[in-house]
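Each remark here refers to the structure printed beneath this line.
The values are calculated or read from the model by the stated rules, or taken from the named source; none is laboratory data. In this text, all values refer to a predicted model and were calculated from it rather than measured experimentally. Glycine gets a Cβ as well: all are built from the backbone with ideal geometry, and neighbour counts include every protein chain shown. Areas reflect the complete protein model, heavy atoms only, side chains present, ligands, DNA and RNA absent. Shrake-Rupley method; radii C 1.70, N 1.55, O 1.52, S 1.80 Å.
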Amino acid sequence: MEELVPSSSEPLSPQTLASFRALIISPSTPQSKISSIFETLTRSLELTPDSLVLNLLSELASRHSNLSHLVFDSVRSNSLLPSESTRLAAESLDALASISNTDPTLSSAIDELDDRLFVSLCFGPSVSVRSWLLRNAERFRISPYLLLTLFLGFTKDPYPYVRKIALDGLVGVSNSAVIEDRSMINGCYCRAVELLSDMEDHVRSAAIRAVSAWGLILVASNPETKLYWSDDLFVKLCSMGRDMSMEVRVEAFDALGKINVVSEDILLQTLSKRVLAITKEKRSLGQCPAEQFEILASNVAGVLVHGLEDEFYEVRKSACHSLRALTIISAEFAGEALNLLMDVLNDDSMFVRLEALETMLHMATFGHLNVQGTHMHMFLGTLLDSNLLIRSATRKILKLVKLSNIELFRLSFDSLIENLEKHPQDEADIFSVLFHTGCNHGKFVVSIINEASEEIDQASEGKLGFDSARVAALLVLAISAPLSHGEHVCSIPPRIFSYAVTLLGRISRALTDIMDQNALLAYLSQCSISTTFSATDLNIRRGEPCLPVANIEIPNDTSNEIDGSTRTSLQQEKDGASKLQSWTMREPLELAAPLGGFQVEVHDEVMKPINLILAKVKDIWPSIHSGFTNEVLRTLRNLKEELATFTSDSVGTIGAVAFTLQYLQVIKQLAKVWEHFLPAKKLCSSGLGELDLILGKLDMRLRELRSRFTGLSMEQELQILELVLLTCTLRLCKVEICCHFATLKKLSTTVSRVESILKSATIEPTIFISEVGKLLCLNETSRSEASCNPFKFKELLKHFSLSQFVLCGRLNQIKAELTIPDNDSENPLPFVSRLPVGIPCDITLHNTSNENKLWLRMSMDDESTQFVFLDLNLFGSSDEVRKFTYVAPFYKTPNAISFTLRVCIGMECLFEGVLSVKKYGGPERELTYLCQEKEVHLSMIGEH
Amino acid sequence: MAIDSLVLGAGQQVGKSCVVVSMNGKRIMFDCGMDMAYHDHRRYPDFSRISHSGDFDSALTCIVITHFHLDHIGALPYFTEVCGYSGPIYMTYPTKALAPLMLEDYRKVMVERRGEEEQFTSEHIVECMKKVIAVDLKQTVHVDKDLQIRAYYAGHVLGAAMFYAKVGDTAMVYTGDYNMTPDRHLGAAQIDRLQLDLLISESTYATTIRDSKYGREREFLKAVHKCVAGGGKVLIPTFALGRAQELCILLEDYWERMNLKIPIYFSSGLTMQANMYYKMLISWTSQKVKETYSTHNAFDFKHVLNFDRSMIAAPGPCVLFATPGWLSGGFSLEVFKQWAPSEMNLVTLPGYCAAGTIGHKLMSGKPTKIDLDKNTQLDVRCQIHQLSFSPHTDAKGIMDLVKFLSPKHVILVHGEKPKMATLKGRINSELGIPCDDPANNETVSISSTHYVKARASDTFIQSSLNPNFKFSKRISEDESGSWLKDRKFMPQLQVTDKRTAEGILIEEKNKKAKILHQDELLLMLGEKKHEVRFAYCCPINVSNLEETKSTSDNVLCTSDRCSWLQLLNNKLSGEISGGNIQDFGEHLQVESFDISVCLNDKCRYRIIDSQNKSEAVFFCCTWSVADEKLAWKIISIMENFDCESH
């Protein structure tokens, strides 16, 4: 080593440094050599701080973690002096930060670095160091208030690059959500607004981001001034829509799309380049100050129009996107915007056209898509687009759209036919659209079919071949009619349905999302016998809320009218496992609302998006099944966030949102469990314990799902039960998991419940349910150990697939709020040791009925628990909300100066079996908890 | 210093454009157009106003031409070859390429059709074009040592540019004709945010605000599609450059998307040749065309075929572009005669057709019979579609541009007088920028920026290197004045960076100007610092002064003085919230406001020589200007203070 180290105190030569580097990098260098290199470098750093040496040291630290502490200290003590050179000091900071990154034990050391050093370096004359520091400020964990001050100050820097970084820094600080001082927020916002008129494009772009970020915080900070600031922000952003720089414009429209409250007159003004007459008249815009009216109006006027006809497709796309959020705000605006969007369908860029269609789909989902006759040419024109994506996006919208008159319906139908003729590969999707639109517009279907029935009859003459695309399309349309809820259903001639049977394969391929082939066949056969029968049946059903309108029943006696082939297939259905699925359950949400026409009005607004979420849950089943657990969990997380945005106050929807959240939890646990059942997956690290744990969680979530919601329809209950069965099955296929017996018992009770539902509601079971039933049946008859074979249960898993949950009726969540007034660790309740103590509880119960058995659970730190029964008959009669104060006795007060008690309200799950080990004086069955645990602090009297 | 703009043409009218701008000793002529409506000397700008002697070379530094339209370039050959200007002429490459075609075409029409006397010959045009220096977009051209010009994209027509000119510290932009919204083949005008003294803008549509172009495009496509789907023929009469290409791109795109197979024809002649120019000058077209030309040149029309006269009577649907526009004669009229009698066919016309043309007749109402000449009458049964695309910016575009550039002064040209006046008012009131709309041969003089070059002292440079920002809270006046008053408005956080703001400019005779840091000023001047302070000797009524006096033997001792101050201090700290009152024993201080008991009966700051001065104790107050408000507040408190001592 000696030969490498120069004896004198001269700086190390580049050659020496290069050789050091080689040694540091090489994995074979002995540790002793590394240490001596470290010493040499440290000495050199002490004498003449140098950035090359610094680099080497940080390299050394990253490769030899045993030395990282030493390197860290050496760098900190030797080169962190700003007096030497700001550049070097900054580099040292960089080195320190990266060392602490690789070695987590040093993360606290980086916190201890003085903020003052960082700030003083920022104030140095070197611009590059300044910009570097500001850009990397987050790595040094500077306190957010200090950072904010720095960034805010440097927005005044004469160097545009520094201004830009400072603005970006401000956006970063805003994301951390630490700053709550309103004048501070306002200050940041106003400063950013000033920079909107900067000379440099990049600064203006950054300023828009900052204005948007701080503006949104400002808007949210005070509900009183919300609209004022929102309008202000909107107008400020609008003023950038006509900037000469493309990047700035894109940024402006992106930011506009993030605003979700704006006065309607401002919104409408953005769609007209002329100042609207009504605006001119009252000389004010939204909440904006009137004296600046003219300049404001000219800022806002036609901004979105300009955006949509911009030269750059990036801007047009962004403008299209921004419309999504804005069209939700106002229906009138949505109508006006649609006129423009329809024109955008003529855009030369595919991306823009697609974006426009996506926006329309979004509008349709929120019920703000009102298609007019004048739109039809452009809109339906996209069905003939040569691009597959465009055509399919248009068809998605068509599925949802409600057409006001038969002319529009006819136009759409003709265009779909044209689409089918020109692009036969779209057939499945087109049939699906026809079916859905048919369901939505039963009346129009009937009149179209009646006009065309002759054509269909001719096509069917002789050979039963419907080669013509048009006739096939007509048939699909015709068979959808009975599913629309109207009095006209019976007027479709029954023979049409038997014609449709000949196209069974093609049609069923298109309708996989609604029903499978057998269900379709059964449906067609039944309708072909007599539509009047189904119609009367429908009428009965309609009176009953929450039940799907259509009911598909296999006639008990195989009637003579059915031709031979159908009969055989029906007979097959009859024996044993009927595979007919209850199709209404799987029906996508788009249909759910129109079908259940009686319930939609109330909370249609929220139900649609919720059902959309549930539809997505169904879609991720294949991913769960094939083990992409991480993706699945991420998707679920996103869905949860999406769900969190529904803040509707309407009573019905609160329950629905809570239910969906719970459902997502269940699926999340299910996904985690499923991971353990994948064949290829090696899960050596996670032991059995983990699986047990997750299964336990899954059980608990399912229990909550089952017991805490009232108003579930039978189908919905059935779907939950199916999940319960699945959980049991999962347990049973792992030999290692204990409590076989209990699980089997649970399985059989669940199956019996399922059977009773199936009997009373005449719903067809899924394959999985019927297979489970069969296996259980076998078990009971044979009573042999062999039948408990885990492999048999594993076989069952194959049959399971997640079906779509559709929420329709009003759901109520049973929940409780519990508070212990005037109690915290500072104000404990007094007690005397070994004597009972009364704990005053303020309890609010939602949606409970007197049949519910509620318990107050009180547990101490040592896990000793006491239950107190809450007799609901004593506390008011209102089912919806009960509010009362109850003094709960706690008997086993410990011999201690003070203790804490955790109190919670639980409800007995009536469907669960009686607990085998009954706790004395406690509940008989498993509990689900209705509220968060509350801590009660108690303290011995006289001990203060 | 001043900028003088002499408007020789297009002053309060749409016609020959020509503005001569003199700034800092340089003289630039922007555009040299002709007015097609006149056939006498009025068709040209009055060049004699530039120089009576006719020595234009010394009178003008250069000529800048914005685009090839005749109302912007028509008089150029006359001015150079006949009037004898031989200085430099600047225009963009496409303009240089296309201008001779336009000039030659015009010359032919004038001489051959109308039999007029020739104003300039073909040779003149060739010679004139030799003097032209072509420039590229955003290329800074140094015309001479002091004058720089730069071209910016203007849309409007192929090769149109706005020109930026700068002499010394004075800068201006002349827009020529421009379009702020893109169309299918050309982009929107694009310019940097510049520091300008003057903006000269066209104002063809000074009051019009146009709706989205999309609607008109949709109507056009719908009409054409409907016609060809029904087996009809579509005739689109256009001029060679611009409109034909724009519409053709629109149709091509639609054809491509809808997979239509119906042929589109171009009549032989100029149009096909013009497409060549477009194909070569791709960098002057719209973003979309530029982006895609490497895979497919938008002007390589796939569906376009050459049209043959024999095909006029051929059956089947088609679309035909034919020259000239307006159906003023030639081939387009010939086709029209054949196709007009069938109601299946369609003719599309532009928003404007010159009076006297067939196009004009078709647009006024929906005639069923048209007299072609005295003997022939044509039965018009075909459909007529009007589409008004215009390559000029609308009023909103002008406002947007003016707002974006925020020049110190605006001059409007190339518009109709009453409409320009309206726009002038808007620019004045909404943007707060002075604006003029001079008539022809008027001169507008505006002052311009003048910069002084100065040396900076080392201390100043040092002080401006390091950031030095301060925060202050300010209640913004403009907001507090508005309706927000009744709400809880918030004080605004203000940031200032003092590093560059605090220099002092010193101009000494015979020396270069110099910037000093403020600390250096006194040193340099050899002066002491003076501070202006206000003073006022304020009486305070003391009801039981006599009593006090008697006990203290008519002399206020030091401790008494202190107790007076003490009392005052208590009073003030109760009244002034937030003010930081410092007690120095002998005197009190609030910010710069200083109070001490005044024993001098003849204090010169004593205004009221009150009769009952025995009942008052006087306090001498001094303060500096900055705290004036505070001072008067304290004094009013003091004057109302009835000192109930002991």
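Return the average number of partner chain Cβ atoms within 10 angstrom of each residue Cβ along peptide A:155-161. Provide the component values of the computation, followed by the final result.
Values: counts 3, 11, 4, 5, 0, 0, 0.
Partner Cβ neighbours, averaged per residue: 3.
If you take all C-alpha pairs in chain B, what percent of them are over 41 Å apart? Show your work: numbers first, answer last.
On the way: 105301 of 208335 pairs.
When every Cα pair of chain B is considered, 51 percent fall beyond 41 Å.
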Original post:
Against the longest alpha carbon principal axis of chain B, how many degrees, from 0 to 90 and to the nearest 10, is the axis of helix B:395-405 turned?
Top reply: 50
Original post:
Relative to the isolated chain, which residues of segment B:390-404 have their accessible area cut by 30 Å² or more in the presence of all protein chains (1.4 Å probe, heavy atoms, no ligands or nucleic acids)?
Top reply: B:K396, B:D400, B:K403, B:F404
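Taking each residue of A:333-345 in turn, how many C-beta atoms of other protein chains fall within 10 Å of its C-beta, and what is the average? If you can, show how the numbers build up before the last one.
Values: counts 0, 0, 0, 0, 0, 0, 3, 4, 1, 3, 8, 2, 3.
Rounded to a whole number, the mean comes out at 2.
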**OP:** Give me the lysines in straight-line cross-link reach of B:K529: C-alpha distance below 26 Å, same-chain residues under 8 apart excluded.
**Re:** B:K470, B:K498, B:K509, B:K511, B:K512, B:K514, B:K629
Subject >> In order through segment B:368-383: 3J(HN,Hα) via Karplus (6.51 cos²θ - 1.76 cosθ + 1.60), integer Hz, x for Gly, Pro >> reply: 9, 10, 10, 8, 6, 8, 4, 9, 10, 10, 10, 8, 9, 10, 5, 7
Subject >> Sites B:N306 and A:M199, calculated FRET efficiency, Cβ-Cβ separation with R0 51 Å, nearest 0.05 >> reply: 0.50
Subject >> Residue-wise HN-Hα coupling along segment A:233-249, computed from phi with Karplus coefficients 6.51, -1.76, 1.60 (Hz; x: Gly, Pro) >> reply: 4, 4, 5, 4, 5, 4, 5, 8, x, 10, 5, 7, 8, 4, 4, 4, 5
**OP:** Go through A:273-281, A:798-806 and give me the packing order, highest mean Cβ count within 10 Å leading.
**Re:** A:798-806, A:273-281
**OP:** Specify the angular offset, from 0 to 90 degrees and rounded to the nearest 10, of the alpha carbon long axis of helix B:213-229 from the longest principal axis of the alpha carbons in chain B.
**Re:** 20
Original post:
Near B:K131, which lysines are there with a Cα under 18 Å away, not counting those fewer than 8 places off in the same chain?
Top reply: B:K96
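Under the Kirkwood approximation for Rh and a Cα-based Rg, what ratio Rg/Rh is obtained for the protein assembly as shown? Could you put the intermediate results ahead of the total?
On the way: Rg = 43.1 Å, Rh = 41.5 Å.
Radius of gyration relative to Kirkwood radius: 1.04.
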Subject >> Separation of alpha-carbon centers, segment B:401-424 and segment A:95-125, rounded to whole Å >> reply: 56
Subject >> Distance (nanometres) between label positions extended 7 Å along Cα→Cβ at B:E334 and B:M276 >> reply: 2.2
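So if R0 is 41 Å, what FRET efficiency would A:A761 and A:T900 give, r being the distance between their Cβ atoms, rounded to the nearest 0.05?
Working: r = 48 Å, r/R0 = 1.17.
The value I calculate is 0.30.
Order these peptides, B:171-183, A:824-836, by their mean beta-carbon neighbour count within 10 angstrom, highest first.
On the way: B:171-183: 24.6, A:824-836: 12.5.
My ranking of the peptides, most packed first, is B:171-183, A:824-836.
Once every DSSP H run of n ≥ 4 in the protein assembly as shown is given -39500 (n - 2.57) and the sum is divided by its residues, what mean residue ellipticity at 222 nm do you get, rounded to the nearest 500 deg cm²/dmol?
Counting only the DSSP helices, I get -14000 deg cm²/dmol.
Go through A:K640/A:K815; A:K672/A:K794; A:K236/A:K608; B:K108/B:K417; B:K130/B:K290 and tell me which ones have a Cα-Cα distance over 26 Å in this structure. Intermediate values should be presented prior to the final figure.
Working: A:K640/A:K815 20 Å; A:K672/A:K794 17 Å; A:K236/A:K608 34 Å; B:K108/B:K417 33 Å; B:K130/B:K290 30 Å.
A:K236/A:K608; B:K108/B:K417; B:K130/B:K290, as the Cα separations exceed 26 Å there.
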Original post:
What order, most packed first, do the peptides A:286-293, A:434-441, B:246-253 have when packing is the mean number of other Cβ atoms within 10 Å of each residue?
Top reply: A:434-441, B:246-253, A:286-293
**OP:** Residues in segment A:8-47, backbone N under 18 Å from the label point at A:S77 (7 Å along the Cα-to-beta-carbon vector): list them, ranges by number please.
**Re:** A:35-47
**OP:** Could you name the lysines whose alpha carbon sits less than 24 Å from that of B:K602, not counting residues in the same chain fewer than 8 places away?
**Re:** B:K549, B:K613
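Given the Cα-Cα distance of A:E247 and A:K794 and 0.36 nm per residue of separation, how much length would full extension add, in nm?
191.3 nm
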Original post:
Which of the listed residues, A:S28, B:L247, A:S498, is farthest toward the dipole's positive end in the protein assembly as shown, when Lys, Arg count +1 and Asp, Glu count -1 at the beta-carbon?
Top reply: A:S498
Original post:
Summed for both chains, how many Å² of accessible area, to the nearest 100, are buried between A and B with a 1.4 Å probe?
Top reply: 5700
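If you rank B:K509, B:K571, A:K745 by how much accessible surface each has, with a 1.4 Å probe, what is the order from largest down? Mind showing how you got there, number by number?
Working: B:K509 185, B:K571 65, A:K745 115 Å².
Ranking B:K509, B:K571, A:K745 by accessible area, largest first, yields B:K509, A:K745, B:K571.
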Subject >> Mean-position separation - Cα centroids, segment A:41-80 and segment B:294-326, in angstrom >> reply: 75
Original post:
Of the cross-linked pairs A:K616/A:K746; B:K222/B:K361; B:K396/B:K424, which ones have a Cα-Cα span greater than 19 Å in the structure shown?
Top reply: A:K616/A:K746; B:K222/B:K361
**OP:** Could you work out how far apart the two model spin labels at A:K226 and A:S107 are, taking each label as a point 7 Å from the Cα in the direction of the beta carbon, and quote it in nm?
**Re:** 3.6
Subject >> Average accessible area per residue (Å²) across segment B:213-386 - probe 1.4 Å, nucleic acids and ligands excluded >> reply: 43
Subject >> Exercise: per-residue mean of other protein chain Cβ atoms within 10 Å, B:203-214 >> reply: 4
**OP:** Can you pull the one-decimal nm distance between simple spin-label points at B:E256 and A:Q517, each 7 Å off the Cα toward Cβ?
**Re:** 4.2
**OP:** For segment A:211-288 and segment B:137-154, write down the distance between their C-alpha centroids in whole Å.
**Re:** 38
